[in-house]
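Notes follow the structure.
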Amino acid sequence: MALSALDDYCIHQCARVIREPATDDESAYDRYFANGFARDGSYYLAVSLGRYPNRGIMDAAITFQINGVHHSFFASRRAPDEPTEMTLGSSRCASKNPCR
């Protein structure tokens, strides 16, 4: 089966419409997570965005450590009805080059 451009988005794939999750489990989620660090350990960065469709919540987090000092930002909002909308405050996740 070939990947589609929507495979990069927080959507469920089942025999139901896209906006309807494949499960009733409140803990079900789709998420993005990425991290990076300097080889010398001088900094660490982690970013995430999660969508909990059965709870109607979207969360985002950014955390980084520079020279031993830890900084974190967390945000939450009601999940939008449109699953391709991935904006939370000033945080935005975009698929510039979707799977091919």
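Below is a table of values for the structure above.
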| item | result |
| --- | --- |
| Ascending count of other beta-carbon atoms within 10 Å, so fewest first, for Asp81, Asp59 | Asp81, Asp59 |
| Fewest-first sequence of Met86, Met58 by Cβ atoms within 10 Å of each Cβ | Met86, Met58 |
| Mean Cβ count within 10 Å, highest first, over the residues of peptides 90-96, 60-66 | 60-66, 90-96 |
| Amide H contacts of Ala79 (H built 1.01 Å from N, under 5 Å, at least 5 apart or other chain) | Ile57, Met58 |
| Least to most buried among Ser27, Ser48 (fewest other Cβ within 10 Å first) | Ser27, Ser48 |
| For segment 59-68, Karplus couplings with θ = phi - 60° (6.51, -1.76, 1.60), whole Hz, Gly/Pro x | 10, 9, 8, 9, 9, 8, 10, 10, 6, x |
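None of the figures in this text is laboratory data; all of them are computed from the coordinates on show. The structure presented is a predicted model; accordingly, all values stated were derived computationally and were not measured. Glycine also receives a Cβ, built like all others from the backbone with ideal geometry; neighbour counts cover every protein chain displayed.
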